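Peer 1: Okay, here's the structure, questions in a sec.
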Amino acid sequence: MKLEVRDANFHYKMKKKSGPDLYAENVSFTLEPGEILSILGPNGAGKTTMLKCITGLLDWTEGETRIDDEPRNTIKKKDLWKRIGYVPQAQKMTFGYTILEMVIMGRAPYISTLQQPNQTDTEASLEALEAVGIKHLAHSTCDEVSGGELQLALIARTLVSEPELLILDEPESHLDIQKQIVILETIRRLATEKEISCIINTHYPNHAFYLADKVLLTGKDKGLVFGPVNEVMTESRMKHFFGIELKKIIFEEDDLLLETMVPKALGLNRELSNCKFNDFAEV
Ligand SMILES: Nc1ncnc2c1ncn2[C@@H]1O[C@H](COP(=O)(O)OP(=O)(O)OP(=O)(O)O)[C@@H](O)[C@H]1O
């Protein structure tokens with residue numbers, strides 16, 4: 001799916017303040033089929049608000065979203081949600097469905113009202129659970145798995161709806177490092193093999209390096225920058241948006257290129273840490 005946002009603005013009407021607060025200002029970008037966009041910005045910058053406006057859960061105050069060159073507002077909501085998969089920020093659920101039943105619900109666009117899910121729906125759901133590494137939890141109920149496992153199940157539920165655009169709001173926030181990598185690899189595979197476009201809100205700059213073709217950096221009063229990951233994620237921009245010094249490190253091993261950003265504030269004093277480094281050298 002090709003997604004365009006043109007000259008868009010959004011503000012909430014604030015109850016207690018005199019004027020409205022702007023949470024997405026002059027947003028313009030294009031995402032081609034199979035491209036991955038990471039949205040990065042400080043807490044409260046408006047990233048979730050932006051996702052809601054892009055998908056139509058909230059209406060832009062000005063500007064528009066276009067899908068495959070058509071204004072989003074002219075596409076029926078039911079047809080739109082067949083094409084877009086949205087995974088919100090993780091929330092604990094307390095209902096008694098099993099993980100498999102919950103994932104099968106993601107097949108709803110393909111099952112008519114009076115029809116029961118069939119073998120294909122069950123197999124697709126088990127496959128999605130396997131892709132995110134939790135097939136063994138298929139028969140556990142949603143309230144007896146951890147927050148991270150539930151998050152993986154919600155991602156699986158979105159995958160079985162076979163979306164053309166996958167939108168994930170901080171999908172890694174409750175996951176251990178191995179499961180974060182499973183999710184990032186799954187997203188990258190879907191984009192490459194099935195040309196699914198993805199938008200992912202994240203607080204991890206390193207995930208943007210690993211995953212994204214494009215980055216949108218946003219900070220309420222600091223403006224907005226959009227472009228290829230290496231052009232946008234510079235040390236000076238990160239300082240401007242996050243107010244901290246990050247050092248960009250590029251590391252090569254065999255044919256792999258690893259890029260990362262490390263907060264300078266976490267550097268250790270050379271003399272004080274000397275003994276740590278010596279210990280490390282002997283290991
Ligand atoms: N319904 C609402 N009415 C008024 N203000 C809201 C509403 N929802 C969110 N906000 C405010 O809008 C701002 C942006 O919120 P949003 O959730 O989009 O930020 P975010 O960048 O996703 O934050 P985080 O990284 O902490 O998840 C916040 O200051 C929030 O308090």
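Peer 1: Could you tell me whether the range 118-126 includes any residue that is in contact with a Phe, Trp or Tyr (Cβ under 8 Å, 6 or more places away or on another chain), modelled with pLDDT of 85 or more, within 16 Å of the ligand (Cβ to nearest atom) and not in a loop (DSSP other than H, G, I, E, B)?
Peer 2: Within the range 118-126, none of the residues are in contact with a Phe, Trp or Tyr (Cβ under 8 Å, 6 or more places away or on another chain), modelled with pLDDT of 85 or more, within 16 Å of the ligand (Cβ to nearest atom) and not in a loop (DSSP other than H, G, I, E, B).
Peer 1: Return the pairs, sorted by first residue and then second, in which the second residue is crowded, with 17+ Cβ neighbours inside 10 Å and β-branched (Val, Ile, Thr), the first residue lies in the range 65-86 and is more than 13 Å from Ile54 (Cα to Cα), the beta carbons are less than 8 Å apart, and the residues are 6+ apart or on different chains.
Peer 2: If the second residue must be crowded, with 17+ Cβ neighbours inside 10 Å and β-branched (Val, Ile, Thr), the pairs left are Ile75/Ile67; Arg83/Ile67.
Peer 1: Please enumerate the residues belonging to the range 155-190 that are more than 16 Å from the ligand (Cβ to nearest atom), under 13 Å from the mean Cα position of the chain (by Cα), within 25 Å of Trp81 (Cα to Cα) and outside any strand (DSSP E or B).
Peer 2: Selection gives Ile155, Thr158, Ile183, Leu184, Glu185, Thr186, Ile187, Arg188.
Peer 1: Within the bounds of the range 193-201, is there any residue that is part of a helix (DSSP H, G or I) and farther than 29 Å from Asn26 by Cα?
Peer 2: Within the range 193-201, the first condition is being part of a helix (DSSP H, G or I), and the residues that meet it are 193-194.
Now drop any that are not farther than 29 Å from Asn26 by Cα, which leaves 193-194.
Yes, the range 193-201 contains at least one residue that is part of a helix (DSSP H, G or I) and farther than 29 Å from Asn26 by Cα.
Peer 1: Please pick out the residue among Thr122, Thr158 that is out of contact with any Ser or Thr (no Cβ under 7 Å at 6 or more places or on another chain), surrounded by 13 or more Cβ atoms within 10 Å (Cβ to Cβ), of a type in the set (Val, Ile, Thr) and over 26 Å from Thr30 (Cα atoms). Write out each step before concluding.
Peer 2: On the way: Thr158 fails: over 26 Å from Thr30 (Cα atoms).
Residue meeting the stated conditions: Thr122.
Peer 1: So Lys135 fits all but one of (1) touching a residue at least 40 places away in the same chain (Cβ under 8 Å); (2) among the charged types (D, E, K, R); (3) in contact with a Leu (Cβ under 8 Å, 6 or more places away or on another chain); what number is the exception?
Peer 2: Every listed condition holds for Lys135 apart from (1).
Peer 1: Moving on to the next point. Restricting to the range 185-224, count the residues that are touching a His at 6+ places or on another chain (Cβ under 9 Å) and modelled with pLDDT of 90 or more.
Peer 2: 2
Peer 1: Also, quick follow-up: If you scan the range 212-234, which residues turn out to be crowded, with 16+ Cβ neighbours inside 10 Å and closer than 20 Å to Glu4 by Cα? Lay out the reasoning, then the answer.
Peer 2: So in the range 212-234, the residues crowded, with 16+ Cβ neighbours inside 10 Å come out as 212-220, 222, 224-226, 229, 232-233.
Ala212, Asp213, Lys214, Val215, Leu216, Leu217, Thr218, Leu224, Val225, Phe226, Val229, Val232, listed by residue number.
Peer 1: Just to check your reading of the model, which residue among Leu137, Leu150, Leu129 is among the hydrophobic types (A, V, I, L, M, F, W, C) and closer than 20 Å to Leu190 by Cα?
Peer 2: Leu129
Peer 1: A further question follows. Which of the residues spanning the range 240-265 are outside any strand (DSSP E or B) and of a type in the set (Ser, Thr, Tyr)?
Peer 2: If the condition is that a residue be outside any strand (DSSP E or B) and of a type in the set (Ser, Thr, Tyr), then no residue fits.
The values are calculated or read from the model by the stated rules, or taken from the named source; none is laboratory data. Values in this document were obtained by computation on a predicted structure and should not be read as measured data. Backbone-built Cβ (ideal geometry, glycine too); neighbour counts: all protein chains shown.
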